[in-house]
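Sharing a structure below in structure tokens format, with a few things to ask.
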Amino acid sequence: MMRLFAFRPKPLPGEILSSWICRTAAGHNGKLHSFCHYVWPGRQMWNRDPDWSCPSDVVETMARGTGTAPEVARATHLRSLEGRLYETHRPNAKTPWIRPIGVWHRKRLNPGLQYCAACLAEDATPYFRIAWRLGFAAACLTHRTILRETCTCGAALNFHRMVAHGELCQCDACGADLRATAMEPAAPDALAFQRHLFNALERSVADLGSYGPVASVRYFVLIHQLLKMLTSRKCADRLLYRVRLSTGLDVRVDPSIARNIEVDRLPPRLRHDLLRAAAVLVDRWPEPMVELCSAARVWSSAVLADLEDPPFPLWDVARRDLNRTFYRPNEREVQAMRRSCAAREIRPSGHALRKLTGRDCSLFFR
Ligand SMILES: [Zn+2]
Ligand SMILES: [Zn+2]
């Protein structure tokens, strides 16, 4: 049975596990690897992504060692979002909305963890938030700024390498203080949409226009697909053009970046703009989606592209309103339609057949 640690900080609001471990280690003579070796002997911690892939007993040990309630400790791990943000937690798989950190030995090469300089500056003890690992978090809702994903020197965050220096918010590559990084203001509509997404995550449910409440885990699949459409080589330009035309929003997405990097790995500035466009599509679902996709000639195959198990509201709209597969009635159906028209004394025109069957039969007359 693990005894209580000598230094027992509780997780700060919204703190991510690795930040909590580092702060705890910093209070134990500041040697991260000796602390981890003592608490989890023989366990490799930092040449993996502990926030995503460490087993749950690491979290339990932190809870016991610091005297923290188990549910408070569990909330520091990305696994706590299973069933709300994504379907199943697979420690070794790429998962939508979770930004990869690209572990190489003990170094993080990808800027998967974002930050807000003002949040760090205001913290009595600077710490890193779990929300900063999420693909839909592109802005700080408190400071209304676009998040940063790297130091000004371009390096990804590696705060676990700074524990010995006692300065988690210092860049390990150049020594710059992350709290001094300049931040760019975020657009009010992007902030509102991001707030709505965090509420959906919190409540595990989201309202989707005429489709009513849907489970957040399905809602997030839908939103992720909209972002993919807005960066897709096939339809992004036409769709964004229509969004700009109908709303006046100046949402532009640099295709040289957007089309070569997965959505969750895109820089915050770009995801911020994508969220603004996605908010337009998802608002009052499904009318704007149908209207804008139809105008942009984006049909069901593009809407459902690469989706194995599309959420019903997306599948239904794609199948019913954005389906351009022409129906070709066979000979027997045509005869039945003719008889039906004759019985009702209707001339069998394309319009009449459409009214009768609900299908586009225009091809029959060609
Ligand atoms: Zn902030
Ligand atoms: Zn730096």
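Are there any pairs, at least 6 apart or on different chains, whose C-beta atoms fall under 8 Å, with the first in segment 151-176 and within 16 Å of residue 129 (Cα to Cα) and within 11 Å of ligand 2 (Cβ to nearest atom) and the second aromatic (Phe, Trp, Tyr) and modelled with pLDDT of 95 or more, and if so, which?
Between residues of segment 151-176 that are within 16 Å of residue 129 (Cα to Cα) and within 11 Å of ligand 2 (Cβ to nearest atom) and residues that are aromatic (Phe, Trp, Tyr) and modelled with pLDDT of 95 or more, the close pairs are 157/115; 157/128.
Only one of these is out of contact with any Pro (no Cβ under 8 Å at 6 or more places or on another chain), more than 16 Å from ligand 1 (Cβ to nearest atom) and not small (Gly, Ala, Ser): 220, 198, 193. Name it.
193
Can you tell me which residue in segment 41-70 is farthest from residue 101 (Cα to Cα), limited to those that are surrounded by 16 or more Cβ atoms within 10 Å (Cβ to Cβ) and in contact with a Cys (Cβ under 9 Å, 6 or more places away or on another chain)?
45
I would also like to ask the following. Could you figure out which of (1) within 14 Å of ligand 1 (Cβ to nearest atom); (2) among the polar types (S, T, N, Q); (3) over 30 Å from residue 31 (Cα atoms) isn't true of residue 114?
Against the list (1) within 14 Å of ligand 1 (Cβ to nearest atom); (2) among the polar types (S, T, N, Q); (3) over 30 Å from residue 31 (Cα atoms), residue 114 comes up short only on (3).
Now, a different point. Quick check on my filter: what residues within segment 14-34 are part of a loop (DSSP other than H, G, I, E, B), among the small types (Gly, Ala, Ser) and free of Cβ contacts under 8 Å to residues at least 60 places away in the same chain?
27 - this is the single residue of segment 14-34 that is part of a loop (DSSP other than H, G, I, E, B), among the small types (Gly, Ala, Ser) and free of Cβ contacts under 8 Å to residues at least 60 places away in the same chain.
Between residues in segment 193-211 that are more than 18 Å from residue 314 (Cβ to Cβ) and residues that are basic (Lys, Arg), which pairs lie under 7 Å by C-beta distance while being six or more apart or on different chains?
Listed pairs, sorted by first residue: 201/84; 204/84.
Look through segment 121-149, keep the residues that are over 17 Å from residue 263 (Cα atoms) and buried (at least 20 other Cβ atoms within 10 Å of the Cβ), and return whichever of them is nearest to ligand 1 (Cβ to nearest atom).
Step by step, filter segment 121-149, then rank; the result is 140.
Tell me yes or no: at least one residue of segment 127-143 is in a loop (DSSP other than H, G, I, E, B), away from ligand 2 (no atom under 16 Å from the Cβ) and of a type in the set (D, E, K, R).
For segment 127-143, residues in a loop (DSSP other than H, G, I, E, B), away from ligand 2 (no atom under 16 Å from the Cβ) and of a type in the set (D, E, K, R): absent.
Which residue is nearest to ligand 2 (Cβ to nearest atom), if the candidates are limited to segment 64-123 and must be basic (Lys, Arg) and part of a helix (DSSP H, G or I)?
79
Which one of the conditions (1) away from ligand 2 (no atom under 14 Å from the Cβ); (2) within 19 Å of residue 78 (Cβ to Cβ); (3) in contact (Cβ under 8 Å) with a residue 40 or more places away in the chain; (4) surrounded by 22 or more Cβ atoms within 10 Å (Cβ to Cβ) does residue 222 fail to meet, given that it meets all the rest?
(2)
Every residue, every condition in (1) in contact with a His (Cβ under 9 Å, 6 or more places away or on another chain); (2) more than 19 Å from residue 114 (Cα to Cα); (3) at pLDDT below 95, yes or no:
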| position | (1), (2), (3) |
| --- | --- |
| 194 | yes, no, no |
| 203 | no, yes, no |
| 215 | no, yes, no |
| 225 | no, yes, no |
| 239 | no, yes, no |
| 270 | no, no, no |
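The values are calculated or read from the model by the stated rules, or taken from the named source; none is laboratory data. All of these numbers come straight from a predicted model, not from anything done at the bench. No Cβ is skipped: glycine too gets one built from the backbone with ideal geometry, and neighbour counts run over all protein chains shown.
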